[in-house]
Amino acid sequence: MSDEATVVTGRVTLRRCCLVLAAGMGARMGGPKALLSWRGRPLASAHAQSRRHDCARTIVVTRESIAEVLRRADASLELLVSEEPDALGPAGSIAAAVRSGALSSEAVVIVTPVDVLPASTAVVEALAGALGPAEAARPSRGGGRPGHPVACDAGMLRREYAHAARPLREVLGSLGDRCVTVPVQEPEAVRDLDTPEAWEAMAGSRPDFWR
């Protein structure tokens, strides 16, 4: 593990990873959002590339059909194939990661849906730095609604998703003051890219997918 991927708090070295929730087939977008072409690579790969200096690893949770394409596009990706029911949505992907044991050695998990632009290192560091007594931290811009990614204590995720798969927003709501909001400046933190129109407004072109 490189020094850049290590989080040091006092005498304790913490292991941090990014969990990319990328199992959706993208019915509204017209294709899997993990495979959206962004700056010459699939969007899922762009998330992993962006986290190389602030997370020890990035785990992309996806479906086998999407994983096949991602393997061809970027052999360096760490992929976890979820077989959780589609109806569970992103919560199923978190549950799949927890129940597979993929997060068993982690201390901090940066959870992000794939259908946002990758967060900056400054945002990730600010969110992770807010953990301690808090078990989760969400970004907010201009006092508006919270966005993504969400920094989570890995133990909290293991506790909440070992036997259930509630939406993350519900889990965060149940934490009360153990979930904090961190002010950020980046508009990407609160921008959702879940429709072709939203993608075109951001990218200036219609969605294009790796195949």
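Read-outs: derived from the displayed coordinates by stated rules, not from any lab. Please read these numbers as outputs of a predicted model, since none were measured by experiment. Because the Cβ atoms are built from the backbone with ideal geometry, glycine has one as well, and the counts that use them run over all protein chains shown.
Amide H contacts of Asp74: none lie under 5 Å away among residues 5 or more positions distant or on a separate chain (H built 1.01 Å from N in the peptide plane; Pro and chain starts excluded).
For the listed peptides 101-108, 44-51, a ranking on the average number of other beta carbons within 10 Å per residue, highest first, reads 44-51, 101-108. Overall shape: rounded for the chain, with the ratio a/c of the largest to smallest alpha carbon gyration tensor axis below 1.5.
Calculate the FRET efficiency for Ala203 and Glu125 from the Cβ-Cβ distance with a Förster distance of 25 Å, rounded to the nearest 0.05. That pair, Ala203 with Glu125, gives E of 0.40.
Amide H to amide H, with H built 1.01 Å from N, Arg15 comes under 5 Å of Ala107, Val108, counting only residues 5 or more places away or on other chains.
In this simple spin-label approximation, Asp177 and Ala87 carry label points 7 Å from Cα along the Cα→Cβ vector, and these lie 3.9 nm apart. Subtracting the Cα-Cα distance of Arg159 and Glu78 from 0.36 nm times their residue separation leaves 26.8 nm of extension gain.
Where both partners of a DSSP beta bridge lie in the chain, what percent of those bridges are antiparallel, to the nearest 5? That works out to approximately 40 percent antiparallel. Averaging the Cα positions of each part gives two centres, and for the range 81-153 and the range 190-211 these lie 21 Å apart. So if R0 is 22 Å, what FRET efficiency would Ser100 and Glu170 give, r being the distance between their Cβ atoms, rounded to the nearest 0.05? Given R0 = 22 Å and the Cβ-Cβ separation, E is 0.50. Under a 5 Å amide H cut-off, with hydrogens placed 1.01 Å from N, Thr181 pairs with Arg138 among residues at least 5 apart or on other chains.
Using 0.36 nm per residue and subtracting the Cα-Cα separation, the extra length available between Met25 and Glu186 on full extension is 55.2 nm. The charge dipole of the range 3-203, taken about its Cα centre with unit charges on the Cβ of Lys, Arg, Asp and Glu (plus for the first two, minus for the last two), comes to roughly 220 debye.
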